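Beneath this line is the structure, given in C-alpha cells, with notes to follow.
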Amino acid sequence: MSALRLHKYLAACGVASRRKAETMIAAGRVQVDGVVVSEMGRLIEPKRQRITCDGREVTPPTNLVYILMNKPKGYVTTTRDPQGRPTVLALLPPMQERLFPVGRLDLDTEGALLFTNDGAFTHRVLHPSFHSEKTYEAVVRGAPDDIALQRLARGLVLDDGPTAPCSVKFLETLPTGRSRIRIILHEGRKRQVKRMFEAVGYPVIALRRTAYGRLRLGDLAVGKYRFLAAAELRKFFL
Ligand code: URA
C-alpha cells in the first residue's frame, strides 16, 4: 500500500469502519511508530511505518472473510457495548481475523447481517452512491391501505429528509389486526423502516431483514451464521 490517510488504512485493515476509525484515532488509541497520533487526516506509509491500535500491530488482512448471520433480537450491532449488552460478535466463533459488521440492525431487529474484515468491500457497500438493496419484512399494527402503501413506495418526508422511492408489497393479514409487509430500500438511514411506517400511521411491531443485496437468509436459523464463498459474494453485486 502506498501513502494513505491513517483512518483509511485502519479501515482497509479491517480494524473498524472509516468513521469508527476516526473516533479511535481521536481517542488516542492509535500510534504511528510508537507515537500517539490523534489528529485527523494524517498521511502514513504502511510499508515504512509501524501502526498499532490498542497496542496491537495493524496489518492488511491476508485472509478475507465474509459471513452472513441471521441476527437475533436482543443483540447490539457494535463491537463493544458500554451498557454491557450482548453484541452480535459474541455469536461468531473465536477467529484470528478481526471482523466487523457491515452496517447495522436495531437491537430489536432480526435478520441478515454481514461481517467481514474487508474494509474496501464494507466502504463500497455502505456508501450511499452504491444504493445497496435491503429487503425487510415488517409486521405492523393495523392494515395499511393502498394510499399508505403508495406513500411509502413513492417516498415521504422524515425529520432527516425525504425517503427515496422504494418497493412495497402487502404480504398477508395476520391475527389480532396486524399485517406483514415487504419493503425494499436502497438507503440505510437510522430506524428508517420503523420511521416510515410510523409516518403513515402503522407502527412496526416486529422487523426482519430477509436479504442484503441478493444474499438471502434462506433457511439460516436465527442466531446462526455461514461463511460466504467468493461466488456467493459476487451475487451481491449483480
Ligand atoms: N430500519 C429500521 O427501522 N430498523 C432496522 O434495524 C433496520 C432498518
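Each reported figure results from applying straightforward, stated rules to the coordinates on display, with no laboratory input. What you see is a predicted model, and the numbers here were worked out from it, not measured in a lab. So basically every Cβ, Gly included, is an ideal-geometry build from the backbone, and we count neighbours across all protein chains shown.
Short version: ³J(HN,Hα) in whole Hz for each residue of segment 87-101, in order, from phi by Karplus 6.51 cos²θ - 1.76 cosθ + 1.60 (θ = phi - 60°), x for Gly and Pro, what are they?
Taking θ as phi minus 60°, the curve returns 9, 4, 5, 5, 8, 8, x, x, 9, 5, 5, 8, 9, 9, x Hz for segment 87-101.
Picking from Leu220, Leu126, Ile184, whose Cα lies most toward the positive end of the charge dipole for the chain (charges on Cβ: Lys, Arg +1; Asp, Glu -1)?
Most positive-ward Cα: Leu220.
Could you size up the charge dipole of the chain around its Cα centre, putting +1 on the beta carbon of Lys and Arg and -1 on that of Asp and Glu, and report it in debye to the nearest 20?
160 debye
P(r) for segment 48-167, please, calculated from all Cα pair distances in 10 Å bins and given in %.
All Cα pairs considered, the percentages come to 10, 31, 33, 18, 7, 2, 0.
For Leu158, list long-range residues whose amide hydrogen, built 1.01 Å from N in the peptide plane, is under 5 Å from its own amide hydrogen.
HN-HN under 5 Å from Leu158: Thr163.
Place +1 on the Cβ of every Lys and Arg and -1 on the Cβ of every Asp and Glu in segment 152-214, take the dipole about the Cα centre, and give the residue among Pro175, Pro203, Leu152 whose Cα lies farthest towards its positive end.
Working it through, the farthest residue towards the positive pole turns out to be Pro175.
How big is the convex hull of the Cα atoms of the chain, per residue, in Å³?
145 Å³
Can you tell me the dipole magnitude for segment 133-212 around its Cα centre, using point charges on the Cβ only (Lys, Arg +1; Asp, Glu -1), in Debye to the nearest 20?
The calculated dipole for segment 133-212 is roughly 240 debye.
Once you've got the GNM for the chain with C-alpha springs shorter than 10 Å, pick whichever of Pro175, Pro82, Pro61 has the biggest mean-square fluctuation.
Result for the chain, Cα springs under 10 Å: Pro82 fluctuates most.
About its Cα centre, how strong a charge dipole does segment 4-57 have in debye, to the nearest 20, once Lys and Arg get +1 and Asp and Glu get -1 at the Cβ?
Its charge dipole is roughly 200 debye.
Cα centroid distance between segment 111-149 and segment 14-42, in Å?
Measuring centre to centre over Cα atoms gives 29 Å.
At R0 = 22 Å, how high is the FRET efficiency between Gln96 and Arg124 if r is their beta carbon distance? Nearest 0.05 is fine.
0.35
Beyond 18 Å between alpha-carbons counts as too far, so tell me which of Lys134/Lys235; Lys169/Lys194; Lys8/Lys71; Lys169/Lys190; Lys8/Lys134 fall in that bin.
Lys8/Lys71; Lys169/Lys190; Lys8/Lys134
Which residue, Lys20, Lys194, Lys47, has the most motion in a Gaussian network model of the chain that connects Cα atoms within less than 10 Å?
The residue that fluctuates most here is Lys47.
Which value in nm describes the separation of the simple spin-label points at Leu43 and Arg226, placed 7 Å from the Cα toward the beta carbon?
4.6 nm
For segment 31-94, build the charge dipole from Cβ charges (+1 Lys, Arg; -1 Asp, Glu) around the Cα centre, then report which of Leu68, Leu43, Gln31 sits farthest towards its positive end.
Most positive-ward Cα: Leu68.
Please find, in a Gaussian network model of the chain (springs between Cα atoms separated by less than 10 Å), the residue of Met69, Met95, Met24 whose mean-square fluctuation is greatest.
Of Met69, Met95, Met24, the Gaussian network model singles out Met95 as fluctuating most.
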